[in-house]
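This report refers to the structure that appears directly beneath it.
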Amino acid sequence: AQSVTQLGSHVSVSEGALVLLRCNYSSSVPPYLFWYVQYPNQGLQLLLKYTTGATLVKGINGFEAEFKKSETSFHLTKPSAHMSDAAEYFCAVSDSGAGNMLTFGGGTRLMVKP
Amino acid sequence: EAGVAQSPRYKIIEKRQSVAFWCNPISGHATLYWYQQILGQGPKLLIQFQNNGVVDDSQLPKDRFSAERLKGVDSTLKIQPAKLEDSAVYLCASSTAGGINTGELFFGEGSRLTVL
């Protein structure tokens, strides 16, 4: 069975500071990994994904994440936070087989201070 | 391109009443999902349809929840009778056939249910 753990339900950073949101997963097969973002009163939006190939993936809005198999991690980073980055971020995993569902972590709410 | 449409956006009912949520996926998306998102938690899959067939409903509480996608397009999720613990946002998502494998789901804005 797959599972996702997001360390820190709330993260607060100053505008311009580094953003680091942590995600660890467990999967019995090679995983596909995702970060979704949810702005207030909106649906989830795909930020970036890792399926195969390069382990450092870049997404929208300057975010990137690195798949580290040895650490079973897929942490999300952004060099410089903007006020508009304030949202809830969800890490998710699916098996690399066909038709498998996404399992989401509990989410991390990012707050950006001026 | 129109996104995933859901209605109603908000619903307040009393326990033991019934409620229905409607979802219209992105045109051409064969796969449709219903997720339950309880406050402070990540979304949990309730049911997944491929066209009008059920792929996975292992986490759907079938004694009170039902869902259908009769013509392989829009879908309805029903709760009857509702319990207090059903208070949540119900998210509908859709994907192309390839999206199943790559996790690229497109979500609607959700239907927020409050059970009193």
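How much net charge surrounds B:Tyr10 when only other residues with a Cβ under 14 Å from its Cβ are counted (Lys, Arg +1; Asp, Glu -1)? Mind showing how you got there, number by number?
Working: positive: B:Arg9, B:Lys11, B:Arg112; negative: B:Glu109.
Local net charge: +2.
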Practice task
Assuming R0 = 25 Å, can you tell me the calculated FRET efficiency for the pair B:Glu68 and B:Ser27, based on Cβ-Cβ distance, to the nearest 0.05?
Solution key: 0.80
Practice task
Have a look at A:Val57, A:Val13, A:Val29 and tell me which one the Gaussian network model of chain A (Cα, springs below 10 Å) gives the largest fluctuation.
Solution key: A:Val29
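Expressed as a rounded percentage, what relative contact order does chain A have, with Cα pairs under 8 Å and six or more residues apart? Provide the component values of the computation, followed by the final result.
Details: 289 pairs, mean separation 43.2, N = 114.
Relative contact order of chain A: 38 percent.
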Fill in the blank from the handout: If the label point sits 7 Å along Cα→Cβ of B:Arg16, residues of the stretch B:49-89 with amide N under 14 Å come out as B:81-84
Handout entry: Of A:Lys58, A:Lys69, A:Lys49, the one that fluctuates the most in a GNM where chain A has Cα springs shorter than 10 Å
Key = A:Lys69
Problem - Cross-link pairs B:Lys11/B:Lys83; B:Lys11/B:Lys78; B:Lys11/B:Lys62; B:Lys11/B:Lys71; A:Lys78/A:Lys113 - those with Cα-Cα distance over 18 Å - result: B:Lys11/B:Lys62; B:Lys11/B:Lys71
Handout entry: Cα centroid separation - the stretch B:35-106 against the stretch A:54-78, whole Å
Key = 28 Å
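Carbon and sulfur together cover what percent of the accessible area of chain B at a 1.4 Å probe radius? Present the calculation step by step, with values, prior to reporting the outcome.
Details: 2800 of 5590 Å².
Result for chain B: 50 percent of the exposed heavy-atom area is carbon or sulfur.
Rounded to the nearest 0.05, what FRET efficiency do B:Lys83 and A:Met83 have when you use their Cβ-Cβ distance and R0 = 30 Å?
Details: r = 39 Å, r/R0 = 1.30.
That pair, B:Lys83 with A:Met83, gives E of 0.15.
Return the average number of partner chain Cβ atoms within 10 angstrom of each residue Cβ along peptide A:35-42.
3
The values are calculated or read from the model by the stated rules, or taken from the named source; none is laboratory data. This is a predicted model, so every value here is computed, not measured. Here the Cβ is made from the backbone with ideal geometry for all residues, glycine too, and neighbour counts use every protein chain on show. SASA here: full protein model, heavy atoms, side chains in, ligands and nucleic acids out. Shrake-Rupley method; radii C 1.70, N 1.55, O 1.52, S 1.80 Å.
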